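Notes follow the structure.
The values are calculated or read from the model by the stated rules, or taken from the named source; none is laboratory data. The shown structure was predicted, so the numbers you read here are calculated from the model rather than taken from an experiment. Cβ: placed from backbone, ideal geometry, glycine included. Neighbour counts: every protein chain shown.
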Amino acid sequence: MQLQINGDFREFNDPLTLSALIEILGLKPDRVAVELNRSIVRRESWPETDLREGDRLEMVQFVGGGSQGASGLPPWDWGLRLLPGPRLSSTGLQ
């Protein structure tokens with residue numbers, strides 16, 4: 001099954017749950033936030049959240065510290081981007 005994770009396409013065997021994917025990727029569950037097809041998935045729901053062909057995931061891993069070096073993130077671009085949004089001016093939102 002092909003999943004899109006942070007913009008990159010990756011192949012996995014199915015069936016696969018979200019909690020199994022977190023484990024396969026070697027991420028620490030208590031330090032990860034997951035969006036599946038543009039909806040945040042609560043951590044308690046990961047074990048029963050089945051992944052399907054073509055699902056799109058955005059995953060953010062929280063990393064502490066401030067030293068340079070290995071961050072513990074998987075070797076792909078995490079795809080964190082600032083999205084355009086309304087701007088506040090003296091006359092209100094634009």
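When Phe62 is tested against the conditions (1) modelled with pLDDT of 95 or more; (2) surrounded by fewer than 16 Cβ atoms within 10 Å (Cβ to Cβ), the lone failure is (1). For first residues located in the range 24-44 and on the phi > 0 side of the Ramachandran plot, partners that are modelled with pLDDT of 95 or more and exposed (fewer than 12 other Cβ atoms within 10 Å of the Cβ) and lie 6+ apart or on another chain with Cβ distances below 7 Å do not occur.
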